[in-house]
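The values are calculated or read from the model by the stated rules, or taken from the named source; none is laboratory data. This is a predicted model, so every value here is computed, not measured. Here the Cβ is made from the backbone with ideal geometry for all residues, glycine too, and neighbour counts use every protein chain on show.
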């Protein structure tokens, strides 16, 4: 007769110590945790800002000064050089680029990455306001933070009407759309500026 000794293997309890095993043993707590996560997810989802075409800034500030009737050389001497000297030493300025065209001067200031764009815009506005050497015929400088927007909807108006009637109706639609607090900008494109025509008979010109 042969005797066989049998030894029981040690029971491995490590498999019961994982998160799944814990949830299986605490079903009420697991269900409550899942409910909290679902409610929190829905709540945060409605609060997240959503934009189809997002608005974003380009880390640039643009200064534009109209100077009617001036040549590019006059714009450079009277407008561009004064602005460049005023903004060149400001904190946060990375690069200054200028453009002098007939009747208008433009200076674009690029910001160092990580700086405060709003503060830089305010500093540039203050420095430009201190400039007293602009020509008398130069108009008020415009300082704006360059931003890019993409349109969401394009609406076309057409019909068997004159250009003036279509423009008036387009302006009416624009004004109605701007009454909606969720709409911040509506632009008219494809329309010509108004012109004034003065006709005098040749007899009165003599």
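Filter the range 66-84 down to residues that are within 29 Å of residue 114 (Cβ to Cβ) and in contact with a helix residue (DSSP H, G or I) (Cβ under 7 Å, 6 or more places away or on another chain), then give me how many there are.
The total comes to 1.
This table checks each residue for (1) at pLDDT 75 or above; (2) in a helix (DSSP H, G or I).
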{"position": "10", "(1), (2)": "no, no"}
{"position": "15", "(1), (2)": "no, yes"}
{"position": "21", "(1), (2)": "no, yes"}
{"position": "31", "(1), (2)": "yes, yes"}
{"position": "36", "(1), (2)": "yes, yes"}
{"position": "39", "(1), (2)": "yes, yes"}
{"position": "42", "(1), (2)": "yes, yes"}
{"position": "54", "(1), (2)": "no, no"}
{"position": "59", "(1), (2)": "yes, no"}
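Which members of the range 62-110 meet the condition of being closer than 12 Å to residue 128 by Cβ and in a loop (DSSP other than H, G, I, E, B)?
Passing the criteria: only 90.
Just checking, does the range 191-198 include any residue being part of a loop (DSSP other than H, G, I, E, B), within 30 Å of residue 83 (Cβ to Cβ) and in contact with a strand residue (DSSP E or B) (Cβ under 8 Å, 6 or more places away or on another chain)? Even if it seems obvious, please write down each step before you answer.
Keep residues of the range 191-198 that are part of a loop (DSSP other than H, G, I, E, B), which gives 191-198.
If we keep only those that are within 30 Å of residue 83 (Cβ to Cβ) too, we end up with 193.
Checking which are in contact with a strand residue (DSSP E or B) (Cβ under 8 Å, 6 or more places away or on another chain) leaves us with none.
There is no residue in the range 191-198 that is part of a loop (DSSP other than H, G, I, E, B), within 30 Å of residue 83 (Cβ to Cβ) and in contact with a strand residue (DSSP E or B) (Cβ under 8 Å, 6 or more places away or on another chain).
Residue check: is residue 146 surrounded by 12 or more Cβ atoms within 10 Å (Cβ to Cβ) and either out of contact with any strand residue (DSSP E or B) (no Cβ under 6 Å at 6 or more places or on another chain) or at pLDDT below 90 (or both)? First the steps, then the outcome.
On the way: surrounded by 12 or more Cβ atoms within 10 Å (Cβ to Cβ): yes; either out of contact with any strand residue (DSSP E or B) (no Cβ under 6 Å at 6 or more places or on another chain) or at pLDDT below 90 (or both): yes.
Against the criterion (surrounded by 12 or more Cβ atoms within 10 Å (Cβ to Cβ) and either out of contact with any strand residue (DSSP E or B) (no Cβ under 6 Å at 6 or more places or on another chain) or at pLDDT below 90 (or both)), residue 146 qualifies.
Pull up the range 85-126, narrow it to residues that are closer than 15 Å to residue 144 by Cβ and in contact with a helix residue (DSSP H, G or I) (Cβ under 6 Å, 6 or more places away or on another chain), then point me to the one that is surrounded by the fewest Cβ atoms within 10 Å (Cβ to Cβ).
Applying the filter and picking the extreme gives 87.
Against the condition on the phi < 0 side of the Ramachandran plot and assigned to a loop (DSSP other than H, G, I, E, B), how does residue 145 come out, does it pass?
Details: on the phi < 0 side of the Ramachandran plot: yes; assigned to a loop (DSSP other than H, G, I, E, B): no.
So residue 145 fails the test.
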